[in-house]
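The values are calculated or read from the model by the stated rules, or taken from the named source; none is laboratory data. Everything quoted here is computed from the prediction, not taken from an experiment. Positions of Cβ are backbone-derived with ideal geometry, glycine not excepted, and every protein chain shown enters the neighbour counts.
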Amino acid sequence: MTSHDLIIMAIIGGIFILLGIIGILWGRKEESAYYGAVSERIDVREFIDHNPLRPEPGALKIGGKICITVGVVILLIAGAFSLWWHGA
């Protein structure tokens, strides 16, 4: 594995981490936009109970966490290969 391959792996890991952060922030924004204002709700119970539940914000946040995990794993693999490649 050449050093260019390691750089590419590190870039891919960084992209996954960046996409994960974007997903988490987007999920928080969607959640706060939906549950944010009482005056726009049909009734106050929907605001208080968060019912009906909307899976989209939670899915975005979970997907973001998965992306960050995958990105960290890819970065760790690239680092391990780099240490192994330079050590050999």
Requested in this report: Take segment 14-36 and flag every residue that is more than 11 Å from LYS61 (Cβ to Cβ) and more than 12 Å from the chain's Cα centre (by Cα).
Outcome: SER32, ALA33, TYR34, TYR35, GLY36
Query raised in the report: When you go through (1) among the hydrophobic types (A, V, I, L, M, F, W, C); (2) modelled with pLDDT under 75; (3) outside any loop (DSSP other than H, G, I, E, B) one by one for MET1, which number turns out not to apply?
Result: (3)
